[in-house]
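The values are calculated or read from the model by the stated rules, or taken from the named source; none is laboratory data. Computed from a predicted model, the values in this text were never measured in an experiment. Here the Cβ is made from the backbone with ideal geometry for all residues, glycine too, and neighbour counts use every protein chain on show. The protein model used for the area step is the full one, side chains on, heavy atoms only, and it has no ligands, DNA or RNA in it. Shrake-Rupley method; radii C 1.70, N 1.55, O 1.52, S 1.80 Å.
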Amino acid sequence: MANKELSKIFSDISNFLKAKGVSFKPYAYQKVALLLDSLEEDVGEIYKNGGINALMKIPGVGESIAKKIEEYLKTGKIKYYEALKSKTPVKMGELTSIEGVGPKMVEKLYKYLQVCNLKDLEEAAKKHKIRELPGFQEKTEQNILEGIAFLRKSKGRFLLGEILPIVRSIKERIEAQEYVQRVDICGSIRRRKETIGDADLLVESSHPAKIIDYFVSLPDIAKVYAKGPTKAMVMLKNNLHVDLRAIPKRSYGAALQYFTGSKDHNIVTRKIAIEKGLKLNEYGLFRGKKKIAGGTEEGIYKALGMDWMPPEIRENTGEIELSLKHKTPHLIGYHDVRGDLHCHTKWDGGNNSILEMAEEAMKLGYEYLGISDHTKALKIEHGLNEKQLLQQRKEIDKLNAKFQMLNTKFKILQGAETNILKDGSIDIKEEALSKLDYAIAGVHAYFKMSRAQMTERIIKAMRNPYIKIIAHPTGRILKKRDNYKIDFNKVLKMAKATGTILEINSQPERLDLDAQNIRKAKEAGVKMIINTDAHYKSHLHYMELGISQARRGWAEKKDIVNTYPLRKFLRALKKAKL
Ligand code: DGT
Ligand code: CA
Ligand code: CA
């Protein structure tokens with residue numbers, strides 16, 4: 001699938017043009033880059049079936065971009081892009097992945113200091129060369145070094161949301177082979193950690209060698225590191241390492257338990273076995289030489305006196321103790337969500353109409369969908385003002401009337417994703433907020449504040465009677481930006497006092513709240529909502545990732561308000577009076 005590569009190329013082109021100060025054009029490329037990243041169909045297939053005309057039917061793709069896609073599909077290159085790169089030979093994607101480093105800065109750094117890549121950038125910052133450039137300060141240098149350090153921490157790890165579809169597709173292809181009884185994805189992917197080091201696959205097969213041969217010849221694979229009769233280690237074209245192990249039926253459960261981890265969970269489980277005079281390893285649970293369990297995971301846990309535990313909580317953070325007491329929490333299920341309350345439409349420059357988003361939500365079996373376009377302070381996102389919100393209301397009312405006429409039990413709610421300004425006020429007047437079904441508020445600028453100031457800022461927003469939900473409450477962007485500093489306990493206290501709901505944002509690079517904070521919120525009795533923040537209808541499917549994180553945070557159905565039927569959900573939106 002060429003979508004991802006093309007998305008990267010167009011994003012680079014956009015940045016190269018921005019660096020040169022070109023107006024409009026970069027945004028067209030940026031839009032296509034984002035679109036390709038979320039497009040479910042393979043552009044290669046679209047082109048094969050309908051040629052350049054079919055490409056031009058993709059929203060935002062005009063003739064010039066369609067021709068570039070065609071060129072890439074035919075030759076593997078785009079001359080226009082190559083020319084831009086040869087003029088400014090910098091690693092654009094790499095450099096702009098640092099928070100606070102934009103294309104114009106890259107251009108200057110190249111022009112004055114010949115900075116081409118991260119290594120050059122780090123050196124220049126460390127030698128204090130950057131502060132001497134016009135328009136740069138000591139603080140810029142410091143931010144760059146912090147940004148690089150943060151990037152390095154997550155280097156080599158992949159976003160779960162990015163690789164889950166790829167690894168699932170590999171699993172499905174192996175599953176479809178003859179002689180394959182079972183395939184499982186284990187390790188951190190099965191535990192749904194938000195970032196992944198490598199993928200661990202298990203297969204049960206009556207002809208393991210055949211399956212190993214099939215696996216190492218998959219077109220996704222760039223390199224085979226090792227291949228034996230029951231095991232292979234490879235690297236995919238996207239650099240992800242994948243291990244595949246063939247396991248006999250009799251020890252499949254033991255292997256599944258072992259390779260799911262986490263390592264800390266395994267160490268404690270093994271200790272419990274030893275205390276019972278048993279031995280636990282990836283082949284089974286043994287008393288002396290006699291195997292007493294191993295075929296199934298459930299069997300192993302049971303023989304150890306424990307409940308089976310969902311993989312998402314196997315992190316040795318108290319789950320083992322509860323399981324020994326048969327008090328394992330009953331986590332929210334993957335089919336428990338009834339609506340998504342954070343999504344964007346064409347109104348704020350998103351890609352789909354309200355109706356298209358609603359239709360996709362209905363396909364997912366939802367009862368309600370909340371439209372929450374950006375509001376006016378967010379200019380780059382074409383934020384809506386008070387008047388536009390009123391106009392949008394009319395469109396939503398009309399659609400709801402139509403649904404009612406057709407006897408469709410589905411309701412669109414009108415929300416908005418407002419901005420929490422620097423001083424904690426909201427960028428939309430209360431009178432306009434009062435006409436919405438609910439309002440979300442989020443921090444979208446001025447991230448670098450003191451902990452006390454940022455806490456005050458968010459607390460003030462929660463005091464606004466119309467702000468029902470705080471979006472992506474800690475502001476982290478995985479592999480890019482750390483969360484901003486807040487006193488989360490104070491935030492929880494105010495959320496509880498005001499009845500404000502905290503969001504679990506399902507975007508693969510956000511997953512914010514994280515598992516730890518979800519658990520704290522649950523313990524504090526603060527309600528949460530799992531939203532996708534979809535900018536394309538395909539993003540509505542990210543809900544699964546948000547549910548995974550909720551489960552990692554031990555959330556139960558009752559903790560998550562969008563598992564409620566519509567009426568109960570609307571009641572949950574009512575805020576306490578301060
Ligand atoms: P990752 O790949 O860094 O995202 O994290 P995992 O959890 O997938 O770790 P990985 O791939 O190194 O190993 C897969 C599982 O195998 C791990 O979750 C638990 C098990 N495992 C690996 N090494 C050890 C070990 O030294 N001791 C124990 N008890 N289990 C291990
Ligand atoms: Ca792994
Ligand atoms: Ca591994």
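List of remarks:
- Residues that are under 25 Å from the mean Cα position of the chain (by Cα) and in contact (Cβ under 8 Å) with a residue 40 or more places away in the chain, drawn from segment 212-238: 220, 236, 238
- Answer from 246, 222, 254 - the residue that is of a type in the set (A, V, I, L, M), open to solvent by 40 Å² or more (accessible area, probe 1.4 Å) and more than 16 Å from ligand 2 (Cβ to nearest atom): 222
- If the condition is being touching a residue at least 24 places away in the same chain (Cβ under 8 Å), out of contact with any Gly (no Cβ under 6 Å at 6 or more places or on another chain) and within 21 Å of residue 438 (Cα to Cα), then segment 547-569 contributes 559, 560, 561, 563, 564, 565, 566, 569.
- A residue that is open to solvent by 40 Å² or more (accessible area, probe 1.4 Å) and under 29 Å from the mean Cα position of the chain (by Cα) occurs nowhere in segment 122-139.
- Residue under evaluation residue 147, criteria (1) at positive phi; (2) small (Gly, Ala, Ser); (3) buried (at least 17 other Cβ atoms within 10 Å of the Cβ), criterion not met: (1)
- Check on residue 274, within 13 Å of ligand 1 (Cβ to nearest atom) and either farther than 22 Å from residue 170 by Cβ or touching a Ser or Thr at 6+ places or on another chain (Cβ under 7 Å) (or both): yes
- Residues of segment 84-121 that are of a type in the set (Ser, Thr, Tyr) and open to solvent by 30 Å² or more (accessible area, probe 1.4 Å): 86, 97, 110, 112.
- When segment 398-455 is limited to residues that are closer than 13 Å to residue 467 by Cβ, outside any strand (DSSP E or B) and among the hydroxyl-bearing types (Ser, Thr, Tyr), the one that is farthest from the chain's Cα centre (by Cα) turns out to be 434.
- Residues of segment 263-274 satisfying the condition of being open to solvent by less than 10 Å² (accessible area, probe 1.4 Å) and within 16 Å of ligand 2 (Cβ to nearest atom): 265
- Residues (assigned to a loop (DSSP other than H, G, I, E, B), of a type in the set (A, V, I, L, M), assigned by TED's automatic domain parsing to the domain that holds residue 407 and farther than 18 Å from residue 531 by Cβ) located in segment 331-388: 377
- Of the criteria (1) open to solvent by 70 Å² or more (accessible area, probe 1.4 Å); (2) more than 16 Å from ligand 2 (Cβ to nearest atom), which one residue 239 fails: (2)
- Output for segment 389-417, where each listed residue is more than 22 Å from residue 535 (Cβ to Cβ) and open to solvent by less than 60 Å² (accessible area, probe 1.4 Å): 400, 401, 403, 408
- In segment 185-210, the residues that are open to solvent by 20 Å² or more (accessible area, probe 1.4 Å), near ligand 2 (Cβ under 10 Å from one of its atoms) and of a type in the set (S, T, N, Q): none
- Restricting attention to segment 167-219 and to residues that are assigned to a helix (DSSP H, G or I), of a type outside the set (D, E, K, R) and within 16 Å of ligand 1 (Cβ to nearest atom), the residue that is farthest from residue 316 (Cα to Cα) turns out to be 170.
- Within segment 22-83, helices (runs of 4 or more DSSP H) holding 2 or more residues that are at pLDDT below 90 and surrounded by 12 or more Cβ atoms within 10 Å (Cβ to Cβ): 25-38
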